[in-house]
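Only one structure is covered here, and it is reproduced in the block below.
The values are calculated or read from the model by the stated rules, or taken from the named source; none is laboratory data. Note that the structure is predicted; figures quoted are calculated from it, not measured. Note that we place each Cβ from the backbone using ideal geometry, even for glycine, and neighbour counts take in every protein chain shown. Note: accessible area is taken over every heavy atom of the protein model, side chains too, but ligands, DNA and RNA are not part of it. Shrake-Rupley method; radii C 1.70, N 1.55, O 1.52, S 1.80 Å.
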Amino acid sequence: MTFDQLRLLPQPSLPAYPVRLRAEGARAPFAGCQLEIHDDIRRKWVALTPEEWVRQHFCHHLADALAYSPHRMANEVGIRLNGTLRRCDTIVYGNAMEPAMIIEYKAPTIHITQKVFDQIARYNMVLGARYLVVSNGISTYCCRMGGPHGYDFVPQIPAFSMLMQP
């Protein structure tokens, strides 16, 4: 993504944070240069894509507003599903380092559909997290596994302290 493309992205409905951007390879920025964003969880620079823009805002929101420890979050986690390697966008780990929440991100221009929920539900067949979240930065949906229907949508993402309660 370039500076010009970044300007065209809809702003996420998540709080702003001090974003760290650089031109690819730390070259001086100019309009056509590819951008990288710093991922504090992975502790490295990654290519800036619309989905990555959402991921970084969302992870900072979890840490800053909901007291999630960055040490309990992992981005781009590989899992094996039906013999195929897949990647979960973010996993939040509980007290015993078990997956407590799986988060799937989409670009702000992508609508959240049943297909997105089906994707994260397949990941959860392997991981067994209590919460599933999907977000495009504009719309966010959170559901808690269990209950009479197998899952229940909750009105907001729980604070980390609530996430750890049975």
**Request:** For segment 114-151, enumerate the residues that are surrounded by 12 or more Cβ atoms within 10 Å (Cβ to Cβ) and charged (D, E, K, R).
**Result:** Arg122, Arg130, Arg144
**Item:** Residue in segment 92-112 that is nearest to Ser135 (Cα to Cα), counting only those that are of a type outside the set (A, V, I, L, M) and open to solvent by 50 Å² or more (accessible area, probe 1.4 Å)
**Value:** His111
**Message:** Going by what's in this entry, would Leu163 be described as at pLDDT below 90 and open to solvent by less than 40 Å² (accessible area, probe 1.4 Å)?
**Reply:** yes
**Asked** Looking only at residues in segment 51-74 that are open to solvent by less than 20 Å² (accessible area, probe 1.4 Å) and among the aliphatic types (A, V, I, L, M), which one is nearest to the chain's Cα centre (by Cα)?
**Response** Val54
**Selection count where residues are at pLDDT below 85 and open to solvent by 60 Å² or more (accessible area, probe 1.4 Å), scope segment 26-50** = 5
**Message:** Looking at Tyr141 and the list (1) of a type outside the set (Val, Ile, Thr); (2) touching a residue at least 60 places away in the same chain (Cβ under 8 Å); (3) closer than 20 Å to Pro15 by Cα, which single condition is not satisfied?
**Reply:** (2)
**Prompt:** Is there a residue being at pLDDT 95 or above, touching a strand residue (DSSP E or B) at 6+ places or on another chain (Cβ under 7 Å), hydrophobic (A, V, I, L, M, F, W, C) and surrounded by fewer than 22 Cβ atoms within 10 Å (Cβ to Cβ) anywhere in segment 82-91?
**Reply:** yes
**Asked** With (1) closer than 22 Å to Gly137 by Cβ; (2) without any contact (Cβ under 8 Å) to a residue 60 or more places away in the chain; (3) surrounded by 10 or more Cβ atoms within 10 Å (Cβ to Cβ) as the list, and Arg7 as the residue in question, which single condition is left unmet?
**Response** (3)
**Message:** Out of the strands (runs of 3 or more DSSP E) lying entirely within segment 50-166, which hold 2 or more residues that are of a type in the set (Gly, Ala, Ser)?
**Reply:** 73-81
**Among (1) touching a Leu at 6+ places or on another chain (Cβ under 7 Å); (2) over 21 Å from Val134 (Cα atoms); (3) hydroxyl-bearing (Ser, Thr, Tyr) - the single one Tyr68 does not satisfy** = (2)
**Message:** Let me spell it out: the conditions are (1) modelled with pLDDT under 90; (2) open to solvent by 40 Å² or more (accessible area, probe 1.4 Å), and Pro12 meets all of them except one. Which number is the exception?
**Reply:** (2)
